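Below is one structure, written out as structure tokens, with a few remarks after it.
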Amino acid sequence: MKESFKGGHRTMARPSFSWRHAANRTFLSKYSHHHIAVFLLTFFSYALLHASRKTFSNVKVSLSSQWTSFPFNSSVFKVEPEEIWRSIHLFPNTATATLFLGLLDTIFLFSYAVGLFISGVIGDRLNMRWVLSFGMCSSALVMFVFGTVTEWLHFYNKIFYCTLWSMNGLLQSTCWPCVVAIMGNWFGKAGRGFIFGLWSACASVGNILGAFLASSVLLYGYEYSFLVTTSVQFAGGLIVVFGLLTSPKEVGFPEPAEEDENAGSEEDAHRPLIINSDSDEDEQNHSVEASDLVRQPQAIGFLQACCLPGVLLYSLAYACLKLVNYSFFFWLPFYLSNNFDWKEAEADQLSIWYDVGGIIGGTVQGLISDMLGKRAPVLTVSLVLAVGALYGYSRSPNNKPINAVIMTVTGFFIGGPSNIISSAISADLGRQDMIKDSSEALATVTGIVDGTGSIGAAVGQFLVSLIQDQLGWMWVFYFFILMTSLTVVFITPLLVREISALVQERRSRILAG
Amino acid sequence: MGSCVEEEARRCGDGKKLRQRRPDVGEESSERHIHTERALAILSVTTINKLASKAMAAAGTELGWHGYCLLLALLAVCEVMAQQVCSRCPGDLRNGSEVASFCHSNPKLELKGRCCLRKQDGSEVIAGLDLWNCSLTHMDTELQNASTVVVLDLSENPLQNVSDSFFQGFVYLQYLALPLTLDCPGGNVSWENISVDTSERICSQQKDSCNNTAQLTLLCPENSLCTPDGPGMSQCLCAAGFHGYKCLREGSFPTIMFFGILSFVTATCSLLLWCTQRWKVKSS
């Protein structure tokens, strides 16, 4: 790290260097192997978590089959022997089993949301490495009991399942605030949009990984799908203990600067990356170490965090947006196979394009917001376009390539902003100037934003099934459009503030020079 | 395979317990109870014998020495229980009866009370059983232990209303003599030959219920195959390679390989990251 800073300094001393080249070089050399390790560890921690979450949705068919007796059951033809075909009747038929699985999803989302509010606060007070590792290992154990142990013991009980699944939601919620906070500790505001945009692909990568792991061992029985994903998740938790550095301070590096004010122009956006003079750096280093010795930063209170500027508005906006985003996550394959009569496996594969759009959208929009220095305008433009994309998608013809393209575009405009709010903006909010150096707020703020979002998602699951049942799919899309517009409404005050700040900056710059 | 054998052994034990508790379960007890008990009883004798040879092969490798001994002991217990029915009525085989001629026709069959026994997969099972004039009023679970029987004489007994499902699992049955009050189990379509004389009804040559053109045969669900299960009855057993509830599972999970690779990768990653990342961390 020290060397990289010196490198940056040297480029400054040589005016013949092209500016962009220097900026690129420093951009890369700014990041040490610690940064890469932290990026990958947090990325895969959350990806593994999402992988085991995906396992549950991928083995639903096997689960409902395991919980019911053979349906063909008249008095004339009884499929014998009873041990093989009729010994388990937790549910009278597959439809009720499916309802119960939906209930488990809702229970999970609600306890996850509640857990996020709590675990963010915990994460800021305890060592995040241990909190993250505990969350991963304990939720792996709970899922192992849920999916594997109950099957091995032939113990099927609805209340037991519900209890385990709500515990799983609570335990899993410890991870997201921690990984975002750790990422926020390592990667400063400059470049955060791009890095976090790329990083927030972890959920989608986890989904793909989970689908792959679960399906490759499903033939041995669904319990082995759980066994494999939870074992891998547990192993990930152990690796986190041994390898994760929660903050640059742990190895004596300064925390990245949150240069917010002078990121107006393109030139300024890159300035914090290269103008660290030696004296500045030393001072910063010194001060951090000194403060380390003197006192640990005080963790922020829950209500205090809620009152930070932007937190409440972004939380509400994210609730609406995550509702739409998660509805796509949960319902897209079902919608495709239902509406277009496409095969379930094909619909599953096709729905990956939404994730792909989200990854690209998050990265590209993050990059643009980095260059602009403001995130709200990018989000607003993207969400306005999302309304159009949603309308277009609802009228998509029965044609797989066209549908996939519109799906990717929709993912780009909805998944992108969603990824940015949940990661980059949460980190911005938790490390804003108001509480800089005085308190630990990152995990708490992330917990609040994502927790509110998860409540929105949980309510959404219920509403989507209701609307689809009563009014049809078209109204589901109108509902999505309404929710996206509502997101824009919540962002508008922030947009106005950021735009006026931008204008003011321009004006003062023109006056100055 | 190991777990399979254990399961069978467990079932045998359960069956024994049930029997001890209620020595003769009559028609009046709940249908569900009969059903379970029958299933257990049948499994205890037929399935365990069918499985015995496979079990023996697997026992050495997967069950270990203790498991092997336990299995043998359980098999012996099942066998003794099955043969109680031979001494249920006094006397030996009736000369001139169909059972006697069947039992004498093959010198390998061992005579015991009113039975003759044959060796099957290392244990002795009932092949012929003559319960002629035995004052039986109903069929009980003890009789169900005789499901391996080939020739069975129940004539001259005051039997009433024996349900078809009593004969579930009697797959080897080729000759059945019944009092006139009873019809052939599975109906006329389940037997090649039915004859009636003054005192008995004789059902002979059981038809394969899975390839029977005269009646609707059961279509078995995915991954399972139709197997005869007594006169007019069939069951769906998992096809080769499939096992578990609803035959949903295939093969066995490579547990050792999986955990071996996972622990190796975990240890390597942890070590590598510890050395490169957390080595220099100052403990606060």
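The values are calculated or read from the model by the stated rules, or taken from the named source; none is laboratory data. Computed from a predicted structure; not experimentally measured. Virtual Cβ from ideal backbone geometry, glycine too; neighbours counted across all protein chains shown.
Restricted to region A:309-378, the set of helices (runs of 4 or more DSSP H) holding at least 1 residues that are farther than 29 Å from A:Leu466 by Cα comprises A:311-339, A:352-372. Residues that are within 8 Å of another protein chain (Cβ to nearest Cβ) and either among the small types (Gly, Ala, Ser) or loosely packed, with under 13 Cβ neighbours inside 10 Å (or both) within region B:243-258 comprise B:Gly244, B:Gly251, B:Ser252, listed in sequence order.
Quick check on my filter: what residues within region A:244-256 are charged (D, E, K, R) and within 7 Å of chain B (Cβ to nearest Cβ)? The answer is A:Glu250, and nothing else. Only residues that are crowded, with 16+ Cβ neighbours inside 10 Å, at pLDDT 90 or above and of a type in the set (D, E, K, R) were counted across region A:117-165, and they come to 2. Restricting attention to region A:87-96, does a residue exist that is over 22 Å from A:Leu164 (Cα atoms), part of a helix (DSSP H, G or I) and touching a strand residue (DSSP E or B) at 6+ places or on another chain (Cβ under 7 Å)? No. Selection of region A:433-458 for residues being modelled with pLDDT of 90 or more and over 21 Å from A:Leu171 (Cβ atoms) yields only A:Gly456. In this structure, A:Ser69 does not satisfy being among the hydroxyl-bearing types (Ser, Thr, Tyr), within 20 Å of the chain's Cα centre (by Cα) and surrounded by fewer than 21 Cβ atoms within 10 Å (Cβ to Cβ).
Of the residues making up region B:231-284, those that are more than 16 Å from A:Tyr224 (Cα to Cα), in contact (Cβ under 8 Å) with a residue 24 or more places away in the chain and part of a helix (DSSP H, G or I) number 1. For beta carbons closer than 7 Å, sequence separation of 6+ or different chains, a first residue in region A:209-221 that is within 13 Å of another protein chain (Cβ to nearest Cβ) and without any contact (Cβ under 8 Å) to a residue 12 or more places away in the chain and a second that is surrounded by 20 or more Cβ atoms within 10 Å (Cβ to Cβ) and in a helix (DSSP H, G or I), the qualifying pairs are A:Val217/A:Tyr224; A:Val217/A:Ser225; A:Val217/A:Val228. Filter region B:234-284 for residues that are hydroxyl-bearing (Ser, Thr, Tyr) and in contact with a strand residue (DSSP E or B) (Cβ under 9 Å, 6 or more places away or on another chain); which is modelled with the highest pLDDT? Checking each candidate, the answer is B:Ser252. Check whether at least one residue in region A:14-34 is at pLDDT 60 or above, within 14 Å of chain B (Cβ to nearest Cβ) and in a helix (DSSP H, G or I), and report yes or no. Within region A:14-34 (the criterion being at pLDDT 60 or above, within 14 Å of chain B (Cβ to nearest Cβ) and in a helix (DSSP H, G or I)), the answer is yes, since at least one residue qualifies.
Using the structure shown, decide if A:Ser64 is in a helix (DSSP H, G or I), over 30 Å from A:Ala305 (Cα atoms), without any contact (Cβ under 8 Å) to a residue 60 or more places away in the chain and within 14 Å of chain B (Cβ to nearest Cβ). It is true that A:Ser64 is in a helix (DSSP H, G or I), over 30 Å from A:Ala305 (Cα atoms), without any contact (Cβ under 8 Å) to a residue 60 or more places away in the chain and within 14 Å of chain B (Cβ to nearest Cβ).
With respect to being among the β-branched types (Val, Ile, Thr) and either in a strand (DSSP E or B) or closer than 30 Å to A:Lys249 by Cα (or both), A:Thr492 falls outside the description. Can you tell me which residues in region A:222-243 are within 29 Å of A:Asp428 (Cα to Cα), buried (at least 23 other Cβ atoms within 10 Å of the Cβ) and more than 7 Å from chain B (Cβ to nearest Cβ)? Passing the criteria: A:Gln233, A:Gly236, A:Gly237, A:Val240.
Listed here are the residues, each with its yes/no results for (1) of a type in the set (Phe, Trp, Tyr); (2) part of a loop (DSSP other than H, G, I, E, B); (3) over 14 Å from the mean Cα position of the chain (by Cα).
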residue: A:Thr163; (1), (2), (3): no, no, yes
residue: A:Leu170; (1), (2), (3): no, no, yes
residue: A:Lys189; (1), (2), (3): no, yes, yes
residue: A:Phe194; (1), (2), (3): yes, no, yes
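All of A:Ser465, A:Ser422 fail the test of being closer than 30 Å to A:Ile122 by Cβ, part of a helix (DSSP H, G or I) and in the same structural domain as A:Ala347 (by the TED database), apart from A:Ser422.
Scanning region A:160-195 for residues that are of a type in the set (A, V, I, L, M, F, W, C) and over 21 Å from A:Arg53 (Cβ atoms) returns A:Trp186, A:Phe187, A:Ala190, A:Phe194, A:Ile195.
Here B:Trp274 passes the criteria (1) under 48 Å from the mean Cα position of the chain (by Cα); (2) among the aromatic types (Phe, Trp, Tyr); (3) facing chain A (nearest Cβ under 7 Å) except the one numbered (1).
If I ask for residues that are within 18 Å of the chain's Cα centre (by Cα) and more than 7 Å from chain A (Cβ to nearest Cβ), which ones from region B:218-232 would you list? Those that are within 18 Å of the chain's Cα centre (by Cα) and more than 7 Å from chain A (Cβ to nearest Cβ): B:Ser224, B:Leu225, B:Cys226, B:Thr227, B:Pro228, B:Gly230, B:Pro231, B:Gly232.
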